[in-house]
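Reading through the structure tokens given below for one structure.
The values are calculated or read from the model by the stated rules, or taken from the named source; none is laboratory data. Keep in mind the model is a prediction, meaning the values are calculated, not measured. As a convention, Cβ positions derive from the backbone with ideal geometry for all residues, glycine included, and neighbour counts pool all protein chains shown. When the accessible area is computed, the model is the full protein with side chains, heavy atoms only, and any ligands, DNA or RNA have been set aside. Shrake-Rupley method; radii C 1.70, N 1.55, O 1.52, S 1.80 Å.
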Amino acid sequence: MSNRGVAEIRAVAAAVPDPELPVVTLGDLGILRDVRRTGDGGIEVVITPTYSGCPAMDAIRDDLRRALPGVSVVTVLSPPWTTDWITEEGRRKLREHGISPPGPTGGPVALTLAPACPRCGSLRTRLVSRYGSTACQAHFACRDCLEPFDHVKEI
Amino acid sequence: MIGALEIGDDCLVLSQRLAEWVTRAPTLEEDIALANLSLDLLGQARSLLSRAGDEDELAYLRDPAGFRNCLLVEQPNGDFAHTVVRHLLYATFLHALYADHPEDDVAAKGVKELAYHRDYARLWSVRLGRGTEESRRRMTAALESLWPYTGELFDDHPALRAPWAAYVHGVLDDSGLSAPEGGPQRRGGRRGEHEAHLTELLDELQALHREHAGATW
């Protein structure tokens, strides 16, 4: 481990898929915050949860240790994760897999009134529930193609 | 300052209450919503209780008298209106507390989550308050039953009362409802003096750990 560069290790960590949204990686989601060398020559990978109670955190830690044996994984809450950290590449992958990416945040409860349907592109969509299949998603349906879809909600 | 034990216990107990709805909420969407609200609070509880000590020991091995949660959060779910009102009253308080402490990492993260909680409770309050005679009757009954537990919230945080009241009364106005008049207040949770509801809740929460010490999934 010690003879691999930090940049190389960062690339491996960033490429680990998210366990709940496996179409995107930890790097795409912006939950990989840092990879750094510690005083004793070890490597520390710093991650942050999307939501306080995100149940995927244990799986993410295990996946990182499997991909990078010997690293220590540190979890931080600050600064709090925001959907603004999801990369352009991450947004493209979400859309391609039928998940509507978040709009920009702003205001105490950011509301995208009409996220585009990721299947047909229609803006005639309706909110079914603020809460979807994971903590970070809301559930919508398209009025044109009638397809239900998940939307990563702005936070 | 955010009391790690007091607010951590509030979050843990309310999380457990909300989780009791899972598989029995009025609709599938609300089942998922309540589970998500519960999960947010569980995450906040874990972070806060870890500051106060060992999270598992604190959650699984304390007797009711050791808990410092306010009485409001241990109140049983009742019907859906009751749960909505309890959440409006508590989430508005916790949102204000977190918003007041941007330097605290749990609060800075939690405030974004609590904004959704407060809004969830607001939307359902309006829908039920302006819904049918029956839903309005249930909202009124829930307000009368839960209002006496709101005073305790501000014993440690008197400055939050005004912003809390402004928001809650605004929601009640929008819902065509009104807060009950004064009346005696019930408190004691912050001193470990709980109602029998907490004992019942902890019996369920702690049973597995007490029977099989050290059990893991």
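I'd like the distance between the alpha-carbon centres of the stretch B:133-168 and the stretch A:37-112, rounded to an integer number of Å.
Between the Cα centres of the stretch B:133-168 and the stretch A:37-112 lies a distance of 36 Å.
Kirkwood hydrodynamic radius of the stretch B:57-108 from all distinct Cα pairs, in Å?
13.1 Å is the Kirkwood radius here.
Going by amide H atoms built from the backbone, whose H comes under 5 Å of the H on A:Q137, apart from near neighbours?
Hits under the 5 Å cutoff: A:G132, A:K153.
Provide, as a two-decimal number, the C-alpha radius of gyration of the stretch B:60-158 over 2.2 N^0.38 Å, N being how many residues it has.
Rg over 2.2 N^0.38 Å, computed on Cα atoms: 1.18.
Treating the stretch A:38-123 as a set of equal point scatterers at the Cα positions, no solvent, please give the Debye-formula log₁₀ I(q)/I(0) at q = 0.10, 0.11, 0.12 Å⁻¹.
Debye curve over Cα of the stretch A:38-123, log10 I(q)/I(0) at q = 0.10, 0.11, 0.12 Å⁻¹: -0.38, -0.46, -0.53.
How large is ³J(HN,Hα), in whole Hz, for each residue of the stretch B:180-194 in order, when computed from phi with the Karplus curve 6.51 cos²θ - 1.76 cosθ + 1.60 and θ = phi - 60°, using x for Gly and Pro?
3J(HN,Hα) across the stretch B:180-194, in whole Hz: x, 6, x, x, x, 9, 10, 8, x, x, 5, 9, x, 9, 9.
Which distance in Å, rounded to a whole number, links the C-alpha centroids of the stretch B:48-71 and the stretch B:1-43?
Using only Cα atoms, the two centres lie 16 Å from each other.
Please report, to one decimal in angstroms, the Kirkwood hydrodynamic radius of chain B built from all distinct Cα-Cα pairs.
That comes to 17.5 Å for chain B.
When 1/r is averaged over all different Cα pairs and the result inverted, which Kirkwood radius in Å belongs to chain A?
16.5
Just to be sure I follow: if Rg is taken over the C-alpha atoms of the protein assembly as shown and Rh is the Kirkwood radius over the same atoms, what is Rg/Rh?
Radius of gyration over Kirkwood radius for the protein assembly as shown works out to 0.99.
Would you please report the Å³ per residue occupied by the convex hull of the alpha carbon atoms in the stretch A:1-64?
Hull volume over Cα atoms, normalised by residue count, gives 84 Å³.
If amide H atoms are built 1.01 Å from N in the plane of the peptide, which residues on other chains or at least 5 residues away come under 5 Å of the amide H of A:T25?
Under 5 Å from the amide H of A:T25 lie the amide H atoms of A:D18, each far enough along the sequence or on another chain.
At a 4.7 angstrom Cβ threshold, list every cysteine in chain A that has nobody to pair with, or say none.
Cysteines lacking a close Cβ partner in chain A: A:C54, A:C136.
Using amide H atoms built 1.01 Å from N in the peptide plane, name the residues 5+ places from A:D34, or on other chains, whose amide H lies under 5 Å from its own.
A:V46
Rounded to the nearest 10 degrees, what's the angle between the helix B:80-99 long axis and the longest principal axis of chain B, both from Cα atoms, 0 to 90?
Between helix and principal axis, roughly 70 degrees.
Mind pulling the angle between the C-alpha long axis of helix B:133-146 and the longest principal axis of chain B? Nearest 10 degrees, somewhere in 0 to 90.
Compared with the principal axis, the helix lies near 50 degrees.
Just to confirm the number: angle between the C-alpha axis of helix A:57-67 and the first principal axis of chain A, 0 to 90 degrees, nearest 10?
With both axes taken from Cα atoms, the answer is about 50 degrees.
Taking the Cα atoms of the stretch B:1-60 alone, what are Rg (to one decimal) and Dmax (as a whole number) in Å?
12.6, 38
Provide the solvent-accessible area of B:E134, counting protein heavy atoms only and rolling a 1.4 Å probe, rounded to the nearest 10 Å².
Probe radius 1.4 Å; accessible area of B:E134 about 80 Å².
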